[in-house]
Amino acid sequence: MEIPNYIFVEYSSDTKYLIDAFDNYSTQFLTFIPRKLPEYSSHGVDHTLRIINKNINLFLGAWGIILNQDEGLLLYLAAWVHDIGCIISREDHASASIKLMQKSKLLDPFPEKYVFCLKHIILAHRKSYSLIDVPDECDNVRLRMICAIFRLMDACDITRQRCPSAVYDIIKLELGDESNEIWKAHMNIKDLIYHKPNIIIYVDDINISKSLVDNLNCEIITIKSTFEENNLIVPTIIVDIDPKN
């Protein structure tokens with residue numbers, strides 16, 4: 001795919017080939033993750049592309065965050081690989097993702113620090129992994145900050161695109177009660193936009209998506225100190241009725 005604009009360096013054809021190979025490897029697993037997560041919101045290629053093209057791209061622009069070459073590429077690669085372990089295990093999918101990433105050997109041509117950094121970004125995309133356990137820096141990479149940004153960007157993929165209503169209409173009778181509520185909560189969120197210092201969530205009904213909004217607020221609490229250490233504005237969530245209603 002086309003390299004997003006937050007990765008601002010012109011790569012050689014050899015490097016672009018390696019990046020494409022990494023994307024293609026991850027896509028193989030992302031395509032079949034529903035085999036292990038039949039009732040969950042999408043963790044597939046669409047989830048990855050929204051993180052890359054919408055969440056990271058728009059958030060960095062809105063917050064005025066400038067990344068160096070390695071930081072931008074690490075966010076991009078992490079978006080592709082962070083969930084591939086779901087093909088093995090939902091509960092420990094971060095560790096499984098790391099194993100699959102290393103097994104591929106696709107990172108061998110990249111600087112050694114890439115594997116080290118990606119391990120931490122993948123583990124830290126789950127709030128159960130404390131950012132205190134992440135080194136502040138790795139060479140020229142502000143690693144703890146990058147981990148915090150990626151955790152937030154992953155958590156912000158909560159709109160109705162993640163649980164399409166057309167699909168829900170077909171599978172709703174097969175879903176358990178909890179999954180039904182999660183799907184309805186996602187379908188209620190029409191859009192999420194970044195307007196510094198706010199993340200604005202537009203919904204049809206204020207109450208239906210409360211669990212998802214509460215979870216996003218919990219994620220923000222876990223990144224608060226890291227954002228402050230890096231002089232970044234900690235986002236405030238605002239939930240509003242979609243003005244188009």
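The values are calculated or read from the model by the stated rules, or taken from the named source; none is laboratory data. Nothing here was measured: the structure is a model prediction, and the numbers come from that model. All Cβ positions, even for glycine, are placed from backbone atoms using ideal geometry, and neighbour counts span all protein chains on display.
Observations
- LEU60 meets each of the listed conditions (1) out of contact with any Asp or Glu (no Cβ under 9 Å at 6 or more places or on another chain); (2) of a type outside the set (Asp, Glu); (3) at pLDDT 90 or above; (4) closer than 30 Å to ILE170 by Cβ apart from (4).
- Inter-residue pairs, beta-carbon under 7 Å, first in contact (Cβ under 8 Å) with a residue 12 or more places away in the chain and in the stretch 220-241, second surrounded by fewer than 18 Cβ atoms within 10 Å (Cβ to Cβ) and acidic (Asp, Glu), 6+ apart: VAL234/GLU228
- Annotation note: of TYR114, TYR202, TYR168, the sole residue that is over 16 Å from ILE56 (Cα atoms) and in contact with an Asp or Glu (Cβ under 6 Å, 6 or more places away or on another chain) is TYR202.
- Filter pass, ASN68 being at pLDDT 90 or above and over 20 Å from ALA155 (Cβ atoms): yes
- Scan the stretch 166-204 for residues that are hydroxyl-bearing (Ser, Thr, Tyr) and farther than 22 Å from ASN53 by Cβ and the total you get is 2.
- Taking the criterion of being outside any helix (DSSP H, G or I) and at pLDDT below 95, the residues of the stretch 112-130 that qualify are GLU112, ARG126, LYS127, SER128, TYR129.
- All conditions in (1) within 22 Å of CYS156 (Cα to Cα); (2) surrounded by fewer than 20 Cβ atoms within 10 Å (Cβ to Cβ); (3) modelled with pLDDT of 85 or more hold for GLU91, with the sole exception of (3).
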